[in-house]
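Here is the structure we will look at, set down as structure tokens.
Every number here is computed from the coordinates shown, using simple stated rules; none is lab data. Not measured: the values here are computed from a predicted model. Glycine also receives a Cβ, built like all others from the backbone with ideal geometry; neighbour counts cover every protein chain displayed.
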Amino acid sequence: MIKTVELTKKYSKLVAVDHVSLEIGSGQCFALLGLNGAGKSTLFGMLSTSILPSFGTASIDGFDVVKDRREVRKIVNISPQESAVAKNLTVRENLSLIADLYSVPNRRDKIAELIERLGLSEKQDTLCKRLSGGQLRRVSIALALVTSPKILFLDEPTLGLDIKARSALWEIVLALKKEMTVLLTTHYLEEAEALADEIAVISRGKIKAVGTRDEICKIANCETLEQAFLRLTEEET
């Protein structure tokens, strides 16, 4: 479903993503694991069409992310690291706004379904500025799901959350990956292990290893994912 060939993003002399070639199948959770500044968000930004690549190619479900941006945007959506939630609107109002913008059919039923699914029923008429961090992340994911995407990008979905809120979001992601392809960026090793079918380790814009948890450990000749990650990213430490 997703394929990149030599995908690269340069900002002047800085190479944020460096000749990345990947193939990601449909119906799985794929985690991009890396330190802060490794290129995770930039890579996902190119795949979701919000960032134009400097060179190389990427396609989503057969559509080129540059030439066919409109078609790609019909089948993908993203829950960004910096929440796009309007803080002075209620949960329901935020969802209604996005549903109206995208002309979502049966929007009232869709909104009610997402509110219940994301565990926001008790907060649906609460102003979002009064929500906790974990609740805001759930609203952000709900906003991304309004368009019923085939592919959902989650950029650092549990960043800054406490253990309880993180665990609740993990349950949501595990349920979502049964219905769509989920791609997430994270620097939490335990998150990648708990959620991902496949993991890619990125360091300084380059993919160092791709595979299951066990395959990555084998590539790095290590027993644990933590040891493998440290070895594969040692140039950054």
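Of M46, M1, M180, the sequence from fewest to most neighbouring Cβ atoms within 10 angstrom is M1, M180, M46. Which value at 222 nm does the chain reach when only helices count, each DSSP H run of 4 or more adding -39,500 (n - 2.57), with the total divided by all residues and rounded to the nearest 500 deg cm²/dmol? When only DSSP H runs of four or more count, the value is -10500 deg cm²/dmol.
What is the Cα centroid distance between region 9-56 and region 72-127, reported in whole angstrom? Cα centroid to Cα centroid, the span is 26 Å. With 25 Å as the limit, the listed pairs K13/K206; K3/K206; K9/K110; K40/K177 have K9/K110 beyond it between alpha carbons. With equal scatterers on the alpha carbons only and no solvent term, can you work out the Debye log10 of I(q)/I(0) for region 128-207 at 0.12, 0.14, 0.18 1/Å? Those come out to -0.35, -0.48, -0.78, one per q. Across the chain, the relative contact order, built from alpha-carbon pairs under 8 Å that are at least six residues apart, equals 26 percent. Among beta bridges from DSSP that stay inside the chain, the antiparallel ones total about 55%.
Put in order of Cβ neighbour count within 10 Å, fewest first, the listed residues T147, T8 become T8, T147.
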